[in-house]
Structure formats: C-alpha cells, structure tokens
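Below is one structure, written out as structure tokens; comments come after it.
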Amino acid sequence: MFYSINLELDKFEVVIIGGGEVAYRKCKNFIDFNKKVKVIAPKFIKEFQGLRDKVELIEDIYKEEYIKDSFIVVAATNNKDVNKAIGEYCNLNNKLVNVVDSIELSNYTVPSYIKRGDLLISVSTSGKSPSLSRKIKEDLESQYDDSYEEYINLLGEVRRKIIAQVDDATIRRNLIKNLINLNLKELREEKNKYSK
Ligand SMILES: C[C@@]1(CC(=O)O)C2=NC(=C\c3[nH]c(c(CCC(=O)O)c3CC(=O)O)Cc3[nH]c(c(CC(=O)O)c3CCC(=O)O)/C=C3\N/C(=C\2)[C@@H](CCC(=O)O)[C@]3(C)CC(=O)O)/[C@H]1CCC(=O)O
Ligand SMILES: NC(=O)c1ccc[n+]([C@@H]2O[C@H](COP(=O)([O-])OP(=O)(O)OC[C@H]3O[C@@H](n4cnc5c(N)ncnc54)[C@H](O)[C@@H]3O)[C@@H](O)[C@H]2O)c1
C-alpha cells in the first residue's frame, strides 16, 4: 500500500516524459500546485500550447540526460519499453517516479483530489481502481464546495490568534477544537472577537 505525504514542490525539478492525454493531466496537476514542469516528447497534443509559460516543452524523444538532475519524474509515454527504462533508471538512482502504465515500477502514484484553497482531500486505491478514486472524489465535491476556501483560511487565522492570545493550554485547545463547529458566518464573527 502507498503511504501519503504532502511535498513542498518548490525545491525539486519535475520532468514529465510524454506529450499525450495522460502527460497533460499529470502536468495540469502540478500547475494546480504552482509547479512549473519540464515536458519531453516528440509530439504534444494541442492542449499543451494553452499552458504557455507554465511549462517548458522540449520536442525530443526521451534521453537519460533529461532526468538525471531531477528528483520527480513522470513516465507517461505510450511506449511500454521507454516507460520501463525510465522507471528502472529512477528506482536505481533514488528518484521519485510515477510510471503511468506500471504500478510495480512506480514508487509514487497520483491520487484523485479536491482542492479548496489550502484544503486538500486526496483519494487513492493504491492502483486498484483509479475509476473508484475519481467517483469518490466526485461524490465529495458537492459536500466540500468552494466556500471551504474561505472557511479554511479563517480557521487558520483564528487558530493563530488563539495560540498567540490564550496562555492556558487546556482552554486554548478547547477553543481551537470548537472552531470547526462554527459555520462560516460565526467564524467571521469569532475572528473579529480576537482582532480587538
Ligand atoms: C486518480 C487519477 C489521478 C491522475 O492521474 O490525475 C489516476 N488515474 C486517473 C484516471 C484513470 N486512469 C485510468 C482510467 C481508465 C479506467 C481504469 O483503468 O480504471 C481512469 C479513469 C478516468 O479517466 O476517469 C487508466 C489507468 N490508470 C493507471 C493505469 C495503469 C495500471 O493500472 O497499471 C491505467 C490503465 C491503462 C491501460 O488501460 O492501459 C494507473 C494509475 N492511475 C492513477 C491515478 C494511479 C492510481 C490511483 C489510485 O490509487 O486510485 C496509478 C496507479 C498511477 C498514476 O498514474 O499515478 C485519475 C483520476 C483523475 C480524476 O480525479 O478525475
Ligand atoms: N496512469 C493513468 O492514469 C493512465 C490513464 C490512461 C492510460 N494510461 C497509460 O498511459 C499511456 C499513455 O497514454 P496517453 O493517452 O497519454 O497516450 P498518447 O498516445 O496520447 O500519448 C503518448 C505520448 O508519448 C509520446 N512518446 C512516445 N514515445 C516517446 C519517447 N520515446 N520519448 C518521449 N515521448 C514519447 C508521444 O509523442 C505522445 O505525446 C497509455 O499507453 C496507457 O497505458 C495511464
């Protein structure tokens, strides 16, 4: 089973090999998290042109030199042998690699996710059923709607204010724990209370 972590992508170079539908989806995911990526392929689907300054497109077939200095790699070509070579090289060289047609060669996978500002809900089936991951995501999307972006920001702000202003540890913890029982309107009022 795959273990879940949240990575600070800023510090790492990300390279995607392949320029088709799957490479494009993986690419958009990184962009969603403000990460610029390098993409290598002899041919790109037209959607890549819409990503403009957010990606560096290199028109070429895969060569080891393209990934030797990167830490996170996605092997997303439609050529099983090429994907396998990339997967094996990365596993041998301590790189994180997602091989889109081989869970065995992947040392990480990409979950289905919902992002509402800083709230992130990820779903994984350890490769058993990406379709189920997608369905669960869609089921949760309406429950965790766009209003959660402001809600999560307010929770963060009020929590920081409580930590700064309340000395008693028990009272502090209870106040923080109870914040999630407030609705958006009540939380806005709570923020004003601590801003005085
Ligand atoms: C969640 C999501 C994230 C993303 O990619 O962004 C994702 N796949 C998505 C969709 C999807 N992928 C496929 C279908 C067709 C139906 C089906 O096969 O079910 C659909 C459904 C659709 O498109 O609706 C085909 C497929 N996928 C993989 C293989 C190879 C294999 O199984 O070996 C094949 C067969 C290829 C073939 O037939 O040859 C492998 C992987 N796909 C994963 C992630 C990882 C496991 C995630 C988990 O643990 O659940 C893993 C292991 C590696 C990885 O890619 O990270 C994204 C949903 C995005 C969303 O949220 O909307
Ligand atoms: N993990 C997933 O979520 C998922 C979902 C569907 C399919 N798949 C798998 O992903 C593979 C790719 O799917 P797709 O729809 O993106 O295919 P696609 O045919 O749309 O794109 C393949 C891309 O790979 C590039 N390519 C081929 N040989 C290359 C090489 N030597 N170096 C660099 N780039 C090269 C092509 O130019 C093209 O841009 C499929 O074969 C399938 O097995 C995975």
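Observations, loosely collected:
- Take the conditions (1) open to solvent by 50 Å² or more (accessible area, probe 1.4 Å); (2) within 12 Å of ligand 1 (Cβ to nearest atom); (3) under 28 Å from Ile114 (Cβ atoms); Asn78 misses just one of them, which is (3).
- Pick from region 11-26, criterion out of contact with any helix residue (DSSP H, G or I) (no Cβ under 7 Å at 6 or more places or on another chain) and in contact (Cβ under 8 Å) with a residue 24 or more places away in the chain, ranking: farthest from Asn78 (Cα to Cα): Phe12
- When restricted to residues that are over 22 Å from Gly117 (Cβ atoms), assigned to a helix (DSSP H, G or I) and touching a Lys or Arg at 6+ places or on another chain (Cβ under 6 Å), region 1-45 contains 0.
- Among the residues of region 57-75, those identified as open to solvent by less than 90 Å² (accessible area, probe 1.4 Å) and either of a type in the set (S, T, N, Q) or over 17 Å from Val110 (Cβ atoms) (or both) are Leu57, Ile58, Asp60, Tyr62, Lys63, Tyr66, Ile67, Ser70.
- Residues of region 112-150 satisfying the condition of being open to solvent by 60 Å² or more (accessible area, probe 1.4 Å), among the charged types (D, E, K, R) and either under 16 Å from Phe30 (Cα atoms) or in contact (Cβ under 8 Å) with a residue 12 or more places away in the chain (or both): Lys115, Asp118, Arg134, Glu141, Asp145, Asp146, Glu149, Glu150
- Any hit, region 93-108, residues being in contact (Cβ under 8 Å) with a residue 40 or more places away in the chain and either out of contact with any strand residue (DSSP E or B) (no Cβ under 6 Å at 6 or more places or on another chain) or part of a loop (DSSP other than H, G, I, E, B) (or both): yes
The values are calculated or read from the model by the stated rules, or taken from the named source; none is laboratory data. This structure is a prediction, so every number in the text was calculated from the model and none was measured. Reconstructed Cβ throughout: ideal geometry from the backbone, glycine too, with neighbour counts over all protein chains shown. Heavy atoms of the whole protein, side chains included, go into the accessibility calculation; ligands, DNA and RNA do not. Shrake-Rupley method; radii C 1.70, N 1.55, O 1.52, S 1.80 Å.
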